[in-house]
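Engineer: Pasting a structure below so you can have a look.
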Amino acid sequence: VQLQASGGGSVQAGGSLRLSCEASGRTFSRYGIGWFRQAPGKEREFVAAISRSGGDTYYSDSVKGRFTISRDNAKNTVYLQMNSLKPEDTAVYYCAAGLLSTIFTHSSAQYNYWGQGTQVTVSS
């Protein structure tokens, strides 16, 4: 699976962005998908995950209620709708895919395939 993340940009605090993660291949629906982010000088952190069917989602506490993850398996695409953005959301955002035994984890260990990252910058 090859992943291509897009949709990043620069916004002011309180604004919104929608990230997309498009996958190649015909087996996209077999994979759970996660979004992670890494800010300068910080470790990569979990943001959100979605199950293969899209029926289950999971969020970090820092984005819960502001971000929404969804997927369209017909388009091989996962989305991350980000609302009420804060300066602390500034980071490079990565999507990742894996044959997940559970999506309810912050660990990146189950994810085998990673996209190239897209920059999100939120100014105050």
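No lab work stands behind these numbers, since they all come straight from the coordinates. Being a predicted model, the structure only gives us computed values, none of them experimental. Counting neighbours? That spans all protein chains shown, and the Cβs are built from the backbone with ideal geometry, glycine included.
Engineer: Along Cα→Cβ, 7 Å out, is where each label goes; now give me the distance between the ones at Ala13 and Asp61 in nm to one decimal.
Structural biologist: Distance between the two pseudo-spin positions: 2.1 nm.
Engineer: Identify all lysines with a Cα-Cα distance to Lys42 below 19 Å; exclude those on the same chain that are fewer than 8 residues away in sequence.
Structural biologist: Lys86
Engineer: Would you work out the relative contact order for region 74-120, in percent, from Cα pairs under 8 angstrom that are 6 or more residues apart?
Structural biologist: Working: 39 pairs, mean separation 20.0, N = 47.
Computed value for region 74-120: 43 percent relative contact order.
Engineer: Counting other C-beta atoms within 10 Å, and keeping those with at most 10, which DSSP coil trypsin sites (Lys or Arg not before Pro) do you find in region 1-39?
Structural biologist: Arg26
Engineer: Just flag the GluC sites (Glu not before Pro) in region 1-98 sitting in loop per DSSP whose Cβ has no more than 13 other Cβ atoms within 10 Å. Before the final figure, lay out the partial values.
Structural biologist: Values: sites: Glu22, Glu43, Glu45, Glu88; in loops: Glu43.
Here the sparse-neighbourhood loop sites are Glu43.
Engineer: Tell me, what is the percent relative contact order of region 42-124, built from C-alpha pairs under 8 Å that lie six or more residues apart?
Structural biologist: After rounding, I find 27 percent.
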